[in-house]
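A short worksheet on the structure shown next.
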Amino acid sequence: MEGFQFIDIIILAMAAGFIVLRLRSVLGRRTGHEPTPDSPDPRAEDSFTRNPDNVVQLPVPPARRSPESVMLDIEPAYQGTPLEAGLVQIKMSDPSFSASGFLEGAAKAFEMIVAAYAKHDIDTLRPLLSTDVYARFAASIQDREERGESMDTELVVLKPPRLGNVEVREGRAVVDVRFQSEQVNVVKDKSGTIVEGDRDHVDSVTDVWTFARELASPSPNWILIATRSVEA
């Protein structure tokens with residue numbers, strides 16, 4: 001019996017030694033050179049160097065610019081003018097915005113809307129106008145159609161448009177644009193007889209159109225929300 005107990009003790013000691021060795025291989029042992037919580041693990045830097053394909057770069061959100069730095073991006077013609085504050089507000093929400101680019105787009109919109117209105121093209125007008133402006137334009141077109149009249153408009157000259165008031169209201173950019181143009185406008189009845197206007201007369205027309213855009217919207221499109229005619 002004592003021999004068997006001795007053998008049992010040896011077997012238990014071997015098993016305990018084996019377990020200790022396994023634990024050391026899995027958990028490791030302290031050598032006095034372990035990285036502290038505040039010190040970087042030198043192996044981490046080495047792994048990034050040797051395995052760049054395993055590194056996932058997280059997107060870093062752009063730093064929000066200050067109004068002072070945005071002012072430097074505003075076109076010189078508007079710096080120090082009453083328009084500067086509104087332009088800075090828009091550009092802080094939309095860094096791609098520029099007054100010159102906006103005015104170029106506004107000129108194209110003016111030409112499209114004037115032509116579509118004369119041609120009774122409500123499909124072109126609908127996405128370019130606010131609900132109120134579209135309702136007015138559509139009502140005027142319907143009145144002409146009910147009378148059997150048609151309209152011819154020739155945009156002879158369109159001068160470079162100019163910015164009017166610029167502001168941001170509750171996240172909505174609102175910009176006035178002044179258009180000066182030379183136009184020939186005539187209205188004809190069913191028989192083609194001119195009942196309004198003169199083909200040989202060029203009208204000088206000055207309009208102020210107001211465009212708006214929700215700055216939080218992913219759509220870059222501006223909508224015409226108001227129009228008025230003014231004396232040149």
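The values are calculated or read from the model by the stated rules, or taken from the named source; none is laboratory data. Not measured: the values here are computed from a predicted model. Glycine also receives a Cβ, built like all others from the backbone with ideal geometry; neighbour counts cover every protein chain displayed.
Please specify each residue of the range 146-169 satisfying the condition of being under 15 Å from residue 88 (Cα atoms) and acidic (Asp, Glu).
167
What number of residues within the range 74-127 are surrounded by 14 or more Cβ atoms within 10 Å (Cβ to Cβ) and either among the aromatic types (Phe, Trp, Tyr) or on the phi > 0 side of the Ramachandran plot (or both)?
So the answer is 6.
If residue 203 satisfies every condition in (1) surrounded by 16 or more Cβ atoms within 10 Å (Cβ to Cβ); (2) of a type outside the set (Lys, Arg); (3) out of contact with any helix residue (DSSP H, G or I) (no Cβ under 8 Å at 6 or more places or on another chain) but one, which is the exception?
Residue 203 satisfies all of (1) surrounded by 16 or more Cβ atoms within 10 Å (Cβ to Cβ); (2) of a type outside the set (Lys, Arg); (3) out of contact with any helix residue (DSSP H, G or I) (no Cβ under 8 Å at 6 or more places or on another chain) except (1).
Taking into account only those residues within the range 66-94 that are in contact (Cβ under 8 Å) with a residue 12 or more places away in the chain, of a type outside the set (Val, Ile, Thr) and not in a helix (DSSP H, G or I), which is farthest from residue 136 (Cα to Cα)?
73
Of the residues that make up the range 139-154, is at least one small (Gly, Ala, Ser), surrounded by fewer than 14 Cβ atoms within 10 Å (Cβ to Cβ) and assigned to a helix (DSSP H, G or I)?
Yes, that holds for at least one residue.
Taking the residues in the range 157-173 that are loosely packed, with under 12 Cβ neighbours inside 10 Å and assigned to a strand (DSSP E or B) as candidates, determine which candidate is modelled with the lowest pLDDT.
169
What do you reckon, is residue 127 in contact (Cβ under 8 Å) with a residue 12 or more places away in the chain, within 32 Å of the chain's Cα centre (by Cα) and in a loop (DSSP other than H, G, I, E, B)?
Taking the combined requirement at face value, the residue does not satisfy it.
If you check every pair at least six apart or on different chains, which have Cβ atoms under 6 Å apart with a residue in the range 141-153 that is within 22 Å of residue 110 (Cα to Cα) first and a residue that is part of a strand (DSSP E or B) and of a type in the set (D, E, K, R) second?
150/188
Under 8 Å by Cβ, and 6 or more places apart or on different chains, what pairs join a residue from the range 182-194 that is surrounded by fewer than 13 Cβ atoms within 10 Å (Cβ to Cβ) with one that is hydrophobic (A, V, I, L, M, F, W, C)?
194/186; 194/187
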